[in-house]
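Asker: Submitted below is the structure of interest, expressed as structure tokens.
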Amino acid sequence: MSWRDILQMCFHNLYRRKGRTGLTVSGVVIGSCAIIIMVSLGIGMKESQAIMLSQMGKLTRITVYTAPEGSASKTVLDKKAVKQMEQLDGVETVIAKTTLDLGNLQVTGGSKNRYQCFYTTVVGVSEKDFEKMGYQLKEGEYPGKAPYEVLAGQSFAFQFADSKRPDGKNTVDYWSDENARPYFQPVGAEVSIVQRKEVPNGAEMEGSKASWNEIQKLKITGVVSEDYDLGEETSAGLIMKMKDLEKLQKPVRKLNNQKVSKGYTNALVDVKTIEDVKRVENQIKELGFKTNSMESIREPMEKEARQKQLMLGGLGGISLLVAAIGIANTMIMSITERTREIGIMKALGCFLGDIRKEFLTEAAVIGLIGGTMGIGLSFLISGIMNYFSMNAGTGGSEVDYMMGGFSSMGGGGMPISVIPLWLAGFSLLFSIFIGVAAGYYPAGKAVKISALEAMKG
């Protein structure tokens with residue numbers, strides 16, 4: 001028998017028993033749909049967690065600190081340590097950062113120190129690492145070759161109080177007013193790091209040169225967009241060249257009676273892939289440094305997501321197993337009813353392999369039809385679930401409330417069901433495989449039927 005003859009007989013026999021075939025196919029549809037939806041929920045949850053983690057911080061970045069005082073490690077985070085970390089396998093870049101503690105010093109701006117900022121973060125980064133850090137310029141440009149040119153954080157200019165205005169009305173409320181404007185345009189402006197002098201007899205000389213000791217004047221060349229993943233300085237701080245900051249450290253620490261510390265404050269280590277993070281982080285710890293990364297959060301979340309994905313996939317697999325039992329039952333009943341037909345086929349000289357192929361093909365076609373319909377139904381159900389999930393809470397209905405709670409397993413406001421093409425393809429192949437596996441025993445039973453006894457029947 002040719003494959004064309006086998007397929008013609010297959011579809012003829014399945015169509016002849018439409019009711020039974022339909023019920024068997026429906027079992028496969030439910031089974032394949034169940035496994036796709038269950039696994040897609042797990043994938044959706046995993047992807048939502050990845051998005052949530054990426055919003056919290058860069059997943060391939062490790063922050064390195066000098067071990068705290070009192071610890072056994074005496075390793076200093078200096079140029080030598082940075083060089084060691086750059087040579088680790090999987091490391092792309094290492095960017096050293098130093099924070100300047102202003103202590104009792106202030107940053108002022110405007111004529112005669114009119115505008116006064118009582119707290120800001122001042123950070124130094126190597127000039128070659130400005131772009132590597134990923135700072136996004138909101139306006140202006142990066143510092144040039146001139147000394148003490150700096151970048152300002154997005155809201156830095158809003159941190160100043162106007163000394164010529166009364167208390168309570170001397171600051172700009174940029175939190176509640178999105179159209180608020182700072183007292184001065186930051187790009188191109190000059191600000192100063194100053195020390196407020198004590199005035200004899202408690203007399204205040206606001207704005208007078210005599211009441212201020214200027215430590216260093218800084219020129220703002222650009223403003224960067226706020227990004228807490230890159231540091232607090234992108235919000236309300238100043239970013240300067242490392243060599244300029246190092247020059248400022250000595251006078252600033254002397255004025256504040258601060259202890260001189262060695263090395264950098266911290267370093268940002270970017271690795272090539274997420275898989276490299278844990279290994280590189282452990283190697284850095286072995287060098288004697290303290291580290292921090294998103295891996296401590298990502299790894300347990302990924303493990304939990306993987307466990308839930310396996311559990312959901314297992315539940316869907318049980319449904320498909322039940323469908324396989326239905327296919328086997330249908331094929332056994334078909335053989336019982338077609339005993340005489342099998343006998344005639346043998347009497348006419350059909351090979352046993354052709355008879356086996358006939359029944360296995362019928363089982364495979366049932367799996368193919370059921371799997372295809374199951375994929376279509378899965379995409380429909382997934383689309384409906386995602387629609388309600390993405391719009392949960394907007395209408396205030398009970399359905400929205402229920403879907404909003406369900407979507408929290410996927411991050412809320414994001415698709416909770418994701419069906420990649422490989423999942424649909426795997427489900428189809430698995431449905432066909434289940435069909436063939438379920439039909440193997442009935443096909444073997446059909447081959448073993450005696451032609452003489454079948455003809456008598």
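We did not get these values from a lab; they are worked out from the coordinates using the rules stated. If you're wondering where the values come from, they're calculated on a predicted model, not measured in any experiment. All Cβ positions, glycine included, derive from the backbone under ideal geometry; neighbour counts span all protein chains shown.
Asker: Take every Cα pair under 8 Å in the stretch 61-294 that's 6+ residues apart, average their separations, divide by the length, and report that relative contact order as a whole percent.
Answerer: The value is 38 percent.
Asker: Another question about this same structure. Roughly speaking, what is the stretch gain from Leu255 to Arg181, that is 0.36 nm per residue apart minus the C-alpha to C-alpha distance, in nm to one decimal?
Answerer: Using 0.36 nm per residue and subtracting the Cα-Cα distance, I get 23.3 nm.
Asker: For the stretch 61-294, count all C-alpha to C-alpha pairs, find those more than 25 Å apart, and express that count as a whole percent of the total.
Answerer: That tail contains 47 percent of the Cα-Cα pairs.
Asker: Which order do Leu315, Leu151 fall in if you start with the one that has the fewest other Cβ atoms within 10 Å?
Answerer: Leu315, Leu151
Asker: Follow-up question, since we're still on this one. For the residue pair Glu190 and Leu352, what label-to-label distance in nm results when each label sits 7 Å from Cα along the Cα-to-beta-carbon direction?
Answerer: For Glu190 paired with Leu352, the spin-label model returns 10.2 nm.
Asker: Related question: Can you grab the distance from the C-alpha centre of the stretch 101-125 to the C-alpha centre of the stretch 341-391, Å, no decimals?
Answerer: 74 Å
Asker: Rounded to the nearest 0.05, what FRET efficiency do Gln84 and Glu299 give with R0 = 25 Å and r taken as the Cβ-Cβ distance? Could you check?
Answerer: 0.50
Asker: Packing-wise, with mean Cβ within 10 Å as the measure, how do 212-224, 152-164 rank, highest first?
Answerer: 152-164, 212-224
Asker: Students often forget the sequence filter, so: which aspartates and glutamates lie under 17 Å Cα-Cα from Lys259 once same-chain residues fewer than 8 apart are removed?
Answerer: Straight-line reach from Lys259, under 17 Å: Glu69, Asp101, Glu246.
Asker: Express in whole angstrom the spacing between the alpha-carbon centres of the stretch 3-31 and the stretch 179-194.
Answerer: Going from one Cα centre to the other spans 78 Å.
Asker: Order of 17-28, 130-141 by packing, highest average Cβ count within 10 Å first?
Answerer: Order by mean packing, descending: 17-28, 130-141.
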